[in-house]
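The structure appears right after this line, and notes come after that.
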Amino acid sequence: DVKVTQSSRYLVKRTGEKVFLECVQDMDHENMFWYRQDPGLGLRLIYFSYDVKMKEKGDIPEGYSVSREKKERFSLILESASTNQTSMYLCASSLHRDTYNYGYTFGSGTRLTVV
Amino acid sequence: GDSVTQMEGPVTLSEEACLTINCTYTATGYPSLFWYVQYPGEGLQLLLKATKADDKGSNKGFEATYRKETTSFHLEKGSVQVSDSAVYFCALSARTGTASKLTFGTGTRLQVTL
């Protein structure tokens, strides 16, 4: 069964900490995405990547960065965590040429609380 | 730009009631359409999809028909169960431009009671 795996289901971090959220997919997908999900706001795209070492800003990149050193792994970095970054973070991946037919595969999510 | 509009939730139904969650879209080109479901505490799972006009996607008793003339993709189920309680997201993938990205609606929460 193909999978997108997020390393943690729940995280609690302190304000000002540097936080790493890891996502790994085993489907050889070119595209990977990070979203945050907040009540009433739906899914908001933070960053995405179409290839190794490539990254593009989504709709809300401020306060975040990403790293994609290998095709299967896409990391989201909170440079200095703040309480307004408390949220559910969702990773997704897709085939570059076939998102149209197959959509995304999502991970199970990481619920991050910043205290 | 592309956009997806879903009905506001929450939707509260008794078990065995009929469900309709409305979804309309705006897109350049000829998109594919998707419904995703998110169970409590989980990520999103693909529920069904349709890639061309008049296609009907179906899965787990849910159905949605791609209506190009009304730019709609409404989700329906004839008899809901408590286990269907979840958040449902409508999404589109454009054929051109940002073809590798999905555009999501804001989600509709469904609560089914006994």
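Per-structure values
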quantity: Strands (runs of 3 or more DSSP E) wholly inside chain B containing at least 1 residues that are within 25 Å of A:LEU45 (Cβ to Cβ); calculated: B:3-6, B:19-21, B:23-26, B:32-38, B:44-50, B:56-59, B:62-65, B:75-77, B:86-93, B:102-104, B:108-113
quantity: The lone exception for B:LEU13 - which of (1) touching a Leu at 6+ places or on another chain (Cβ under 9 Å); (2) touching a residue at least 60 places away in the same chain (Cβ under 8 Å); (3) more than 22 Å from B:THR113 (Cβ to Cβ) it fails; calculated: (3)
quantity: Scope the stretch A:39-69; condition within 14 Å of chain B (Cβ to nearest Cβ) and more than 14 Å from the chain's Cα centre (by Cα); matching residues; calculated: A:PRO39, A:GLY40, A:LEU41, A:GLY42, A:ASP51, A:MET54
quantity: Residue under evaluation B:SER100, criteria (1) of a type in the set (Ser, Thr, Tyr); (2) surrounded by fewer than 14 Cβ atoms within 10 Å (Cβ to Cβ); (3) in contact with a helix residue (DSSP H, G or I) (Cβ under 7 Å, 6 or more places away or on another chain), criterion not met; calculated: (2)
quantity: Residue check for B:GLY41: loosely packed, with under 14 Cβ neighbours inside 10 Å, under 22 Å from B:THR106 (Cβ atoms) and small (Gly, Ala, Ser); calculated: yes
quantity: Among the residues listed as B:GLY107, B:GLY41, the single one being within 14 Å of chain A (Cβ to nearest Cβ), farther than 23 Å from A:LEU95 by Cβ and either among the charged types (D, E, K, R) or in contact (Cβ under 8 Å) with a residue 60 or more places away in the chain (or both); calculated: B:GLY107
quantity: Single residue of B:SER100, B:SER72 found to be at pLDDT below 95 and hydroxyl-bearing (Ser, Thr, Tyr); calculated: B:SER100
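The values are calculated or read from the model by the stated rules, or taken from the named source; none is laboratory data. None of the values given here were measured: they were computed from a predicted structure. Heads up, the Cβs are rebuilt from the backbone with ideal geometry, glycines too, and the neighbour counts pull from every protein chain shown.
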